Amino acid sequence: MDTPSLHLDKLGQTLNVGDCVIWPNHNSLEIGLVVKINPKMVKVKRIEPPKRWQPSTWNKYPKDIVKLEGPLVSLYIIKNSGVK
């Protein structure tokens with residue numbers, strides 16, 4: 001059986017599918033969700049709808065992302081999910 005990889009973020013928190021995370025992207029920070037746990041990397045997806053030229057998902061090393069929690073994160077997800 002394949003066991004899922006255990007990944008820890010920059011602060012040592014365990015990362016799971018569905019966790020809200022933040023990561024650097026060029027000169028800004030992106031907020032998104034963990035979509036998939038790969039053996040070496042974590043696939044993340046932006047919460048905000050991407051522009052035409054932007055990719056919708058990125059593979060990031062776990063040490064380059066930080067897990068976010070709390071009511072402000074939930075409010076951000078609801079506000080920017082693109083649902084009207």
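Each reported figure results from applying straightforward, stated rules to the coordinates on display, with no laboratory input. Since we're looking at a predicted model, the values are computed, not measured. Quick reminder, even Gly has a Cβ in these numbers, built from the backbone with ideal geometry, and neighbours come from all protein chains shown.
Here are some notes:
- The chain: most fluctuating residue of LYS40, LYS63, LYS51 per GNM, C-alpha cutoff 10 Å: LYS51
- Charge dipole of the range 20-80 about the Cα centre (unit charges at C-beta), most positive-ward option of HIS26, PRO71, TRP53: TRP53
- Cα long-axis angle, helix 71-80 against the chain (0 to 90 degrees, to the nearest 10): 60 degrees
- Total charge dipole magnitude, the chain, about the Cα centre, Cβ charges on Lys, Arg, Asp, Glu only, Debye to nearest 20: 320 debye
- Pairs of Lys residues in the chain that lie 8 or more places apart, or on two chains, and have C-alpha atoms under 21 angstrom apart add up to 27.
- The range 41-84: chymotrypsin sites (Phe, Trp or Tyr not before Pro) in DSSP coil with no more than 10 other Cβ atoms inside 10 Å: TRP53
- Separation in nanometres of the label points that stand 7 Å from Cα toward Cβ, at LYS10 and SER74: 2.5 nm
- Only helices enter the 222 nm calculation for the chain: every DSSP H run of n ≥ 4 contributes -39,500 (n - 2.57), and dividing by all residues gives -3500 deg cm²/dmol, rounded to 500.
- Across all directions, the average flat footprint of the convex hull enclosing the Cα atoms of the chain is 6.6 nm².
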